[in-house]
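The structure under discussion appears below in the form of structure tokens.
The values are calculated or read from the model by the stated rules, or taken from the named source; none is laboratory data. Bear in mind that the values here come from a model prediction, so they are computed numbers and not experimental data. Reconstructed Cβ throughout: ideal geometry from the backbone, glycine too, with neighbour counts over all protein chains shown. Side chains are part of the model used for accessible areas, which takes the heavy atoms of the whole protein and leaves out ligands, DNA and RNA. Shrake-Rupley method; radii C 1.70, N 1.55, O 1.52, S 1.80 Å.
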Amino acid sequence: MKIPAASGGNDRNARVERLRVSRAKDSEDKTRRALDAVDGLLRSGRRITVTQVAREASVSTWFVYNQPQVHQAVQDGITAQQARGRQNSLAPEASQVSQAGLRTDLALAREEIKDLKKERDRLRNRVRLSLGAELEGVNRNELIERVQQIEQRNTALERALSEARDQITALEGQLRETEDDLTAARASLRRAMRSVPAP
């Protein structure tokens, strides 16, 4: 009677090992695609954002935020683009910021928040559906580790959501300032035109 039990345990261990190897390979593939996406955006000069990298690599925004190597590459790429923009600029930064550009950035940031919320809700639902089934046969240490992983994922999503909200606030402030500058410039132009003597 002990032989079937041992065999069952070996089968379970083999399944767990195959699952672990499969997940590791999947994670490596996603990481490679995401890093290639960052590199491609850098080379093409297109704006690097978490959402854009996730789309280019066909991964979730959660993966980009939660995979340290990918997240660091995205941050480095954003920093490089900002530095390159400052080096290449021939006019003051404020004069190069257009309303259309700010509105585009604002729309992208809002879209990123929507994606983050969807990803968070999807993960919560997935955990809710699978946790009960997974509890059977899981020892206490595995359960604690799994709960910690879920908490880390939740923390990463909350942090990403907070960063995106801060970005929206900053962009809205820039947009208001640009609109005020534009209004002032128009008023100044009208005054200048009125002050020109008629021929």
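Here are the numbers:
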quantity	calculated
Hey, Leu143 surrounded by 11 or more Cβ atoms within 10 Å (Cβ to Cβ) and over 25 Å from Arg103 (Cβ atoms) or not	yes
Enumeration of residues in region 28-48 that are more than 17 Å from the chain's Cα centre (by Cα) and open to solvent by less than 80 Å² (accessible area, probe 1.4 Å)	Asp29, Ser44, Gly45
Extreme residue, modelled with the highest pLDDT, among residues of region 97-144 that are over 27 Å from Glu163 (Cβ atoms) and of a type in the set (Asp, Glu)	Glu142
